[in-house]
Amino acid sequence: MSDEKIVISKKDLSDPRVREMVDQEKAARKPLSSQHREPVQTGIFFNPIFYTAAACSLGAFVAWLILEPMIIKKPGSEEGIGLSLLFPVTSAMVGLFAGLIEGIMSRNFQKALKCGGIGLGVGLAWGAIAIIPANIIYIFLVSIGASIFPPPMKPGPDYFPKGGFLFMLMSARATAWTFIAAGMGLGQGIALSSKKLILNGIAGGLLGGFLGGLIFDPIGLVMNLTMKDSGGGGSVSRMFGLIVVGMLVGVFLGLVENLTKEAWFIMKSGPLRGKQFVVFNNPLVIGSSPKCDVYIFKDAAVEPKHAELFQIGSKYELRDSKSAQGTFINGKKVEKKILENGDIIVIGESVLEFRQKAVG
């Protein structure tokens, strides 16, 4: 054994590298408390059904703010470019906010801007293209409805469809919105090159668009009846109709994510406590870089690329990326380990719980 003494000067103490090494050693020795083993439930604020629905509703409202000044109101009718742009602008705004929200909730603003920008572009392009088949089908179904359930020859300004013709109008609107909404949730999946997220986005958009379109006209009927004397029924009903479409698209985007997830992490410490990170890439990268799938911020002991999760058949293996501090699973430092449901992972000062749906 060497009796050589280690001498640390004042200059060494002021060196930020020494402080970083001390922080890393402190994090590595951090015991796994009973609190870290306690289950963490995802509160409503961190539930994707809630925050995606809120974001998409806001996107639809912004679309209404953009479009409404471009709609000219006349006695008994409305016209203007705002009506022609209804589908593409709504698709673009909902796509923008649907892409932004996951990055914002993860405090990963680089990811938010990337997914939001692509969501805006994809939504606008999809809406501009899908408006053609949507309008063709809409006109076709409405014409069938008019032939079976003919409306008055000269409907007055207070006229609103009812009975069988209202049902056909609702069906036509639902079909049109189904086409349009299919592209509203694609931003994140395309931005992150994830086939799973793309399929989830299409499924959520289709379901939300169909139900939102189905109740669009009944909302208009209620608004027209309640605001009959004010003359603002068309504008207000359009606002509520768009918000409901956006909300339902968001609800189903979050619902599809929850129903289709096979494995995920729950953050058990820090400002994102309760936030879930669904495994959607193979490998899934964990680290302090905003490019990571699980972004751990404001933790000096976490390296830009700290660990990776690999899916091997129905199993998931976590591998440390040769980090200085290491990766700890259930209190033990590991280089790699097949994870089991409920495993506790400590990376830096951050604690995550791995969850997996039962196989078979």
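The single condition among (1) modelled with pLDDT of 60 or more; (2) touching a strand residue (DSSP E or B) at 6+ places or on another chain (Cβ under 6 Å); (3) of a type outside the set (Phe, Trp, Tyr) that Val18 does not meet is (2). Scanning the range 92-102 turns up no residue that is open to solvent by less than 10 Å² (accessible area, probe 1.4 Å), of a type in the set (Val, Ile, Thr) and over 14 Å from Ile118 (Cβ atoms).
The set of residues from the range 173-189 being within 13 Å of the chain's Cα centre (by Cα) and in a helix (DSSP H, G or I) comprises Gly187, Gln188, Gly189. Within the range 209-229, the set of residues being open to solvent by 60 Å² or more (accessible area, probe 1.4 Å) and at pLDDT below 85 comprises Val222, Leu225, Thr226, Lys228, Asp229. Of all the numbered requirements in (1) in a helix (DSSP H, G or I); (2) surrounded by 16 or more Cβ atoms within 10 Å (Cβ to Cβ); (3) at pLDDT 90 or above, Asn135 misses one, and that requirement is (2). From the list Glu317, Glu335, Glu303, Glu340, the one residue that fits, being farther than 24 Å from Ile49 by Cβ and either touching a Leu at 6+ places or on another chain (Cβ under 8 Å) or touching a residue at least 24 places away in the same chain (Cβ under 8 Å) (or both), is Glu317. Residues in the range 78-119 that are modelled with pLDDT of 95 or more and among the hydroxyl-bearing types (Ser, Thr, Tyr) were compared, and the one that is nearest to the chain's Cα centre (by Cα) is Ser91. Evaluate the following for Leu13: is it within 29 Å of Lys333 (Cβ to Cβ) and either at pLDDT 95 or above or surrounded by fewer than 14 Cβ atoms within 10 Å (Cβ to Cβ) (or both)? Yes.
Whenever a residue of the range 106-129 is under 20 Å from Ala63 (Cβ atoms) and without any contact (Cβ under 8 Å) to a residue 60 or more places away in the chain, its partners that are part of a helix (DSSP H, G or I) and polar (S, T, N, Q), lying with C-beta atoms within less than 9 angstrom and at least six residues away or across chains, give the pairs Leu124/Ser91; Ala125/Ser91; Gly127/Thr90; Gly127/Ser91; Ala128/Ser91. If you filter the range 255-265 down to residues that are of a type in the set (A, V, I, L, M) and open to solvent by 40 Å² or more (accessible area, probe 1.4 Å), you find that the one that is farthest from Gly313 (Cα to Cα) is Leu255.
The values are calculated or read from the model by the stated rules, or taken from the named source; none is laboratory data. Just so you know, these numbers come straight off a predicted model, no measurement behind them. All Cβ positions, even for glycine, are placed from backbone atoms using ideal geometry, and neighbour counts span all protein chains on display. Surface areas here come from the heavy atoms of the whole protein model, side chains and all, with no ligands, DNA or RNA. Shrake-Rupley method; radii C 1.70, N 1.55, O 1.52, S 1.80 Å.
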